[in-house]
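Quick notes on the structure that follows.
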Amino acid sequence: MTYYGRWTYKYEEAARQGASGLIIIHDTEPASYGWNVIESGWSGASLIIESNLPLLDVESWISNESAQKIFDASIMKGEDYKTLARIKGFKATSLDLNVSVAIQNKIKKDVSKNVVALIPGTERKDEVIIYSAHWDHFGIGKAIDGDSIYNGAIDNASGTAALLAIAEAFKKSTPTKRSIAFIALTGEEQGLLGSAFYAENPIFDPKKTVANINIDALNSPGKMKDLTITGYGQSEMDEYAEAAALKQDRYIIPDPEAEKGYFFRSDHFNFAKIGIPALYASGSYEGFDTSIEEVKEINENYLKNKYHQPSDEYDSATSDLSGVQFDLQLFFEIGFKLANENYFPKWYDGSEFKTARE
């Protein structure tokens, strides 16, 4: 999956093309999460950045099963709409159906904050390495098994805690030549809103922002042999990650589920869009004491039973943070190296983000 497969792009492009509304058909396999995630994340109030960009009158989702009922009731009954849509030169066709939509919205203007901290460099203060993580989750939502509090322990209290731990480590370490910034971003769950706002209104000059290290949903069950890089092959940040991983006797691998489009689903993407080389990685494939199969089962269980659900909560009796600590030591190592050299990591030839940097 590329950015063009993401729901945010579909809404944006439909509005640019002048559509009144858009119905997204949810398909669990390519999305990598079930319909329950749509229900929990999109059944209440939602946020949007105030801007001059065009908006749809109606943004909506339906399940795959409901979509099939619509097609079965239309003149396309018996046709495979997915196959038709894949044909080059496909053009929209009327279903010969009418739909009536009525929505009553209560609009509230409010302010949510990106929280920024800076440790100034000793020599080149205007050159900055940015660590980022999103601090938002869903708050109170649809009750599941009597629980309506969406804690977001892994997604993304883990990343927010990581920012604080890495910041503390830098404060206790030797001062760096370049500056280190820490940004806790808002509105990620609503469509990367906080990082999108920062990309449009950067505090630090993007041309002098050395790199972004983004931390989102750390879920390693103990120390991991691997460092899985989401978006591997985009920039020289891969090489910095590999060097740090080798010091921990680890190996790096590309995201084995690249088809799910994770590179476009967290805040590093908006830093990349303005040309800043971004690293999004964690140990998530093979543990020193946990097999590939066991790690896969743990990850699948999280996506099925905890992701964007009230059950994503911290349990001191079962949580093993040694793998998280291992990743944070690696993230610190990368940032410390970048903060004490003159070099700016580059995008590889062929990366769609290279032009923005140059």
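If I take R0 = 56 Å and measure r between the Cβ atoms of LYS304 and LYS207 in this structure, what FRET efficiency does the formula 1/(1 + (r/R0)^6) give, to the nearest 0.05? If you can, show how the numbers build up before the last one.
On the way: r = 43 Å, r/R0 = 0.76.
Computed FRET efficiency for LYS304 and LYS207 comes out at 0.85.
If a/c stays under 1.5 just call it rounded; otherwise compare a/b with b/c (prolate if a/b is bigger, oblate if not). Do that for the range 212-306, with a ≥ b ≥ c from the square roots of the Cα gyration tensor eigenvalues.
oblate
Extending each Cα 7 Å along its Cβ direction at ASP72 and PHE344, get the distance between those two points in nm, one decimal.
With each label point 7 Å from Cα toward Cβ, the separation is 5.8 nm.
Per 0.36 nm of contour for each residue apart, how much would the distance between GLU29 and LYS125 grow if the chain were fully extended, relative to their Cα-Cα spacing?
30.0 nm
Starting from the Cα of GLU65, step 7 Å along the direction of its Cβ; do the same at VAL115; then give the gap between the two resulting points in nm.
The modelled label-to-label distance comes out at 4.1 nm.
Let's test the formula: R0 of 22 Å, r as the Cβ-Cβ distance of ASP147 and LEU321. What FRET efficiency results, to the nearest 0.05?
Calculated value: 0.40.
Between the range 45-85 and the range 170-184, how far is it from one alpha carbon centroid to the other, in angstrom?
A separation of 46 Å, based on Cα centres.
Per DSSP H run of n ≥ 4, the term is -39500 (n - 2.57); total these for the chain, divide by its residue number, and report the mean residue ellipticity at 222 nm rounded to 500 deg cm²/dmol.
Working: 12 runs with 111 residues, N = 358.
About -9000 deg cm²/dmol.
In the chain, which whole DSSP H runs stretch at least 18 Å along their own axis (Cα) and average 0.0 or higher on the Kyte-Doolittle scale?
The qualifying helices are 158-172, 322-338.
Taking the full set of protein chains and a 1.4 angstrom probe, give the accessible area of HIS137 in square angstrom, rounded to the nearest 10.
Rounded to the nearest 10, that gives 40 Å².
Per residue, how much accessible surface does the range 142-294 expose to a 1.4 Å probe? Answer in Å², no decimals.
39
Skip the ligands, DNA and RNA, and give the accessible area per residue of the range 305-358 with a 1.4 Å probe, whole Å².
On the way: 2950 Å² over 54 residues.
Each residue of the range 305-358 exposes 55 Å² on average to a 1.4 Å probe.
Could you give the length gained by full extension between SER100 and GLU200, i.e. 0.36 nm per residue of separation minus their alpha carbon distance, to one decimal place?
32.4 nm
Suppose R0 equals 25 Å. What FRET efficiency, 1/(1 + (r/R0)^6) with r the Cβ-Cβ distance, do TRP42 and ILE107 give to the nearest 0.05?
Efficiency for this residue pair is about 0.90.
With Kirkwood radius over Cα pairs in Å as the read-out, I listed (1) 22.0; (2) 26.8; (3) 21.4; which label goes with the value calculated from this structure?
The calculated read-out lines up with (1).
Sorted by packing (mean other beta-carbon atoms within 10 Å per residue), highest first, where do 214-223, 19-28, 237-246 land?
214-223, 237-246, 19-28
Can you tell me the length gained on complete extension of the stretch THR8 to ALA258, counting 0.36 nm per residue apart and subtracting the Cα distance?
On the way: separation 250, 0.36 × 250 = 90.00 nm, distance 1.81 nm.
In short, 88.2 nm is gained.
Could you tell me what percent of the accessible area of the chain is made up of carbon and sulfur, with a 1.4 Å probe and every protein chain present?
53
Which aspartates and glutamates have a Cα less than 13 Å from the Cα of LYS69, not counting those fewer than 8 places away in the same chain?
Excluding near neighbours in sequence, the set is GLU79, ASP80.
LYS88: which lysines have alpha carbons under 23 Å from its alpha carbon, excluding same-chain residues fewer than 8 sequence positions away?
Result set, ordered by chain and number: LYS10, LYS77, LYS260.
Please give the per residue accessible area of the range 1-114, computed with a probe of 1.4 Å over protein heavy atoms only, in Å².
77
Can you list the lysines whose alpha carbon is less than 18 Å from that of LYS337, not counting same-chain residues fewer than 8 positions off?
LYS125, LYS171, LYS172, LYS177, LYS208, LYS247, LYS346
The values are calculated or read from the model by the stated rules, or taken from the named source; none is laboratory data. Just so we're clear, the structure is a prediction, and the values are computed from it rather than from any experiment. Cβ coordinates were reconstructed from backbone atoms using ideal geometry, including for glycine residues, and neighbour counts include every protein chain displayed. These area figures cover heavy atoms from the full protein model, side chains too; ligands, DNA and RNA do not enter into them. Shrake-Rupley method; radii C 1.70, N 1.55, O 1.52, S 1.80 Å.
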